[in-house]
1. State whether one or more residues within the stretch 272-282 are more than 18 Å from residue 5 (Cα to Cα) and not assigned by TED's automatic domain parsing to the domain that holds residue 92.
2. Would you please name the residue that is nearest to residue 248 (Cα to Cα), looking only at residues in the stretch 269-306 that are without any contact (Cβ under 8 Å) to a residue 24 or more places away in the chain and not in a helix (DSSP H, G or I)?
3. Please indicate, with yes or no, whether at least one residue in the stretch 83-96 is exposed (fewer than 15 other Cβ atoms within 10 Å of the Cβ) and assigned by TED's automatic domain parsing to the domain that holds residue 153.
4. Go through (1) out of contact with any strand residue (DSSP E or B) (no Cβ under 8 Å at 6 or more places or on another chain); (2) within 27 Å of residue 163 (Cα to Cα) one by one and return the number of the condition residue 72 breaks.
5. What residue, of 258, 287, 291, is assigned by TED's automatic domain parsing to the domain that holds residue 220, out of contact with any helix residue (DSSP H, G or I) (no Cβ under 9 Å at 6 or more places or on another chain) and modelled with pLDDT of 90 or more?
6. Quick check on the stretch 160-171. Is at least one of its residues modelled with pLDDT of 95 or more and in a strand (DSSP E or B)?
7. Do you know which residues across the stretch 71-102 are closer than 14 Å to residue 132 by Cα and more than 8 Å from the chain's Cα centre (by Cα)?
8. Please give the helices (runs of 4 or more DSSP H) falling wholly within the stretch 42-154 in which 2 or more residues are within 30 Å of residue 273 (Cβ to Cβ).
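The values are calculated or read from the model by the stated rules, or taken from the named source; none is laboratory data. As the structure is a prediction and not an experimental result, all values here were calculated from the model. Note: ideal-geometry Cβ built from the backbone for every residue, glycine included; neighbour counts use all protein chains shown.
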């Protein structure tokens with residue numbers, strides 16, 4: 001992964017090691033200009049040697065301790081577990097990760113993943129499988145999911161952690177790359193809204209912009225925003241048309257404004273800016289930003305940074 005994602009994962013592993021009562025050498029890597037590719041592997045091997053392979057799943061619990069504003073917190077969408085999984089896949093695309101999750105949604109509370117490698121047809125190691133699985137479990141918990149259960153393809157339940165010996169055998173046999181995650185979402189009591197249509201004076205594009213700035217622009221459908229505005233999709237589209245904009249225009253405006261702000265105010269990498277701003281991948285970021293602003297992200301940074 002590129003540096004910004006690797007650094008985020010190292011911070012999670014560091015926090016997980018602290019939870020397990022272990023010392024961690026993470027700080028020496030995070031102070032460097034780049035994060036060594038083998039840094040995560042060294043930490044993982046340290047955990048296995050000291051506490052056993054089952055502790056790899058617990059490393060992901062470090063997600064609960066990462067500071068506000070960190071990359072991993074951007075993956076958390078309260079009460080929307082499937083959106084959490086979509087955000088993880090977007091991160092993989094954005095940073096050109098050599099490992100990917102092939103995802104199959106079974107229902108609103110069940111998902112299957114196959115952890116694959118894009119390089120030389122080699123599988124991720126069992127340790128890499130378990131670390132990723134542990135992080136996904138913690139992200140679901142951060143999204144307010146309860147009763148999260150992870151099961152391997154052989155039917156072995158690995159979270160909550162139970163049969164450690166069976167897990168070790170699964171690692172040895174290489175059967176850790178396919179798993180199923182299930183969870184429950186607590187019932188939320190929501191205030192009933194007035195079903196009558198909002199007054200014509202409401203500026204819906206501004207209302208949507210405000211909502212997107214708070215909740216993010218990735219994986220947002222017009223159906224969700226119509227529900228937020230207490231309208232049908234067709235009514236919302238009609239209101240936006242009367243205001244001279246389209247749904248996609250509103251999303252593009254919020255994304256480009258966020259990206260332009262970040263480009264002007266610091267040395268954050270283009271990949272991280274694109275991800276934080278809600279783009280699908282870096283090519284999409286560069287193409288869309290130039291179309292709406294008139295400059296590439298790199299040129300905009302050179303001309304507008306202060």
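1. Restricting attention to the stretch 272-282, the residues satisfying the condition of being more than 18 Å from residue 5 (Cα to Cα) are none.
Looking through the stretch 272-282, none of the residues is more than 18 Å from residue 5 (Cα to Cα) and not assigned by TED's automatic domain parsing to the domain that holds residue 92.
2. Result: 294.
3. Narrowing the stretch 83-96 to residues exposed (fewer than 15 other Cβ atoms within 10 Å of the Cβ): 96.
Imposing the further condition that a residue be assigned by TED's automatic domain parsing to the domain that holds residue 153 reduces the set to 96.
Checked the stretch 83-96: at least one residue is exposed (fewer than 15 other Cβ atoms within 10 Å of the Cβ) and assigned by TED's automatic domain parsing to the domain that holds residue 153.
4. (2)
5. Working: 258 fails: out of contact with any helix residue (DSSP H, G or I) (no Cβ under 9 Å at 6 or more places or on another chain); 291 fails: out of contact with any helix residue (DSSP H, G or I) (no Cβ under 9 Å at 6 or more places or on another chain).
The match here is 287.
6. There is no residue in the stretch 160-171 that is modelled with pLDDT of 95 or more and in a strand (DSSP E or B).
7. 92, 97, 98, 99, 100, 101, 102
8. 81-94, 126-142
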